[in-house]
Amino acid sequence: MIRHGTSLELPLAYQNAYLTPVDQFFVCNSGNSPMLSIQDYRLRIWGDGVAQELYLSYTDLYQYAQHTVPALIECAGNHRSLFNEIDGKPIVTPAGTTELIWGTGAVGMAEWTGVSLADVLVNAGIKPDAMHVCPTGAETDSIEGTVRLPMPVEKAMNADTLLTLQMNGQSLQADHGFPVRVLVPGWIGAYSIKWVQDIEVSCKPIQVRRNTHSYVLMGDQWPANQYAPASGKPITSYNIKSALALPWPAQFESGIHKLHGFARSSGNKIQHVAWSDNNGTTWQDATLVGKNEKYGWVKFEFNWSATSGNHAIKTRAVDEAGQVQPDKVPFNTAGYLYNAVYPHPVRVS
């Protein structure tokens, strides 16, 4: 694991299986992981968007129907270093978690088990005119202050949006949100608030640091006056992406090598992955291996005949909705959502 302050990154080169082992799952924290007690835990549901205020214990949450959702969680800044490495663009980020200069390892895949957030909101009497649902975490030393991020009520009421209690069949660990974490599948990891203590349901828009400044696209393509009071375009879902699970740069001896990587899209299965070792002049099909689910990633493989010298290998994904991984992406100052088809350097002796 690579340490970034209180956060940890597992380089993608070490990812091989469909599910990421819990002790290898990346950690994105803006402070230290709080150590909370099951006995003392109470989740508060409140606001003008519900008919009654609820307080739920850890045991109470297990009385609801339990659901399992396979989903990856990825930081919006994953691959941000490539804006500089590939495009020569310097990154200037807001203070907090956005300062992390991730490589390609700020992503992990797990099976999350817990309560559908919709079931809890219905129990609280969610109102027809409710607009935003805003979870708050329990961090006490975050550089951001209070960590909270609202989502539209439509996303909160999606059956796959969970209050998770387990990760890969185990109770959550402290670094991953114990005792309860929100899972907002298909959206950037910032929405999957850890150590959730409080959920406000509002009939008015909720504006916080994360949806007005920290997790927004800023730059020439996103003039702030079009998104006021936000400083740019707020980010919700992640985008289509593929990446090789190789060191940077990778090194091989000459010969045939089986290479692999992972591809994913937001709420769509991957339909096809192609690869090229001649700067995109020609493309060849990779083989999709194993599970391929709408909120997960799929592993792809291909055999590469390595010859002496310096090479660059590109991969490109297409999802079932017809979205194609782009050759270029517009620059944003915080380096979010980098998903270009990029050349992965490989040296062959």
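The values are calculated or read from the model by the stated rules, or taken from the named source; none is laboratory data. Here the structure is a predicted model, which means the values were calculated and not measured. So basically every Cβ, Gly included, is an ideal-geometry build from the backbone, and we count neighbours across all protein chains shown. In case anyone asks, the SASA skips ligands and DNA or RNA and just uses the protein heavy atoms, side chains included. Shrake-Rupley method; radii C 1.70, N 1.55, O 1.52, S 1.80 Å.
According to the square roots a ≥ b ≥ c of the eigenvalues of the Cα gyration tensor, what is the shape class of the stretch 278-342, taking rounded for a/c under 1.5, prolate for a/b larger than b/c otherwise, and oblate for the remainder?
oblate
Express in whole angstrom the spacing between the alpha-carbon centres of the stretch 227-268 and the stretch 140-154.
Using only Cα atoms, the two centres lie 26 Å from each other.
So what is the calculated 222 nm ellipticity per residue for the chain, using -39500 (n - 2.57) for each DSSP H run with n of 4 or more, over all residues, to the nearest 500 deg cm²/dmol?
-1000 deg cm²/dmol
Using the Cα gyration tensor of the stretch 1-88, with a ≥ b ≥ c the square roots of its eigenvalues, what is the shape: rounded (a/c below 1.5), prolate (a/b larger than b/c) or oblate (neither)?
Values: a/c = 2.25, a/b = 1.98, b/c = 1.14.
Judged from the Cα gyration tensor, the stretch 1-88 comes out prolate (a/c at least 1.5, a/b above b/c).
Using the heavy atoms of the protein chains alone and a 1.4 angstrom probe, what is the accessible area of the chain per residue in square angstrom?
Accessible area per residue, the chain: 41 Å².
Quick one: which of LYS155/LYS194; LYS258/LYS291; LYS241/LYS291; LYS233/LYS299 span more than 25 angstrom between C-alpha atoms?
Distance filter (> 25 Å) returns LYS233/LYS299.
Once phi is turned into ³J(HN,Hα) by the Karplus curve 6.51 cos²θ - 1.76 cosθ + 1.60 with θ = phi - 60°, what whole-Hz value does each residue of the stretch 226-232 show in order, with x for glycine and proline?
With coefficients 6.51, -1.76 and 1.60, one gets 7, 10, 3, x, 6, 7, x Hz.
From the phi of every residue in the stretch 338-345, what ³J(HN,Hα) in whole Hz does the Karplus formula 6.51 cos²θ - 1.76 cosθ + 1.60 yield, where θ is phi - 60° and glycine or proline is x?
For the stretch 338-345, the Karplus-derived couplings read 5, 9, 5, 6, 10, x, 8, x Hz, x marking Gly and Pro.
Give me a comma-separated list of calculated 3J(HN,Hα) values for the stretch 268-273, in order, Karplus coefficients 6.51, -1.76, 1.60 applied at θ = phi - 60°, integers in Hz, x for any Gly or Pro.
9, 5, 7, 9, 7, 10
Take the alpha-carbon centre of the stretch 310-345, take the same for the stretch 1-53, and report the distance between them in whole Å.
Each part's Cα centre sits 27 Å from the other's.
What percent do you get for the relative contact order of the stretch 129-260 when only Cα pairs under 8 Å and 6+ apart count?
23 percent
Calculate, for MET35 and ASN303, the FRET efficiency according to 1/(1 + (r/R0)^6) with r their C-beta to C-beta distance and R0 51 Å; round to the nearest 0.05.
After rounding, the FRET efficiency stands at 0.60.
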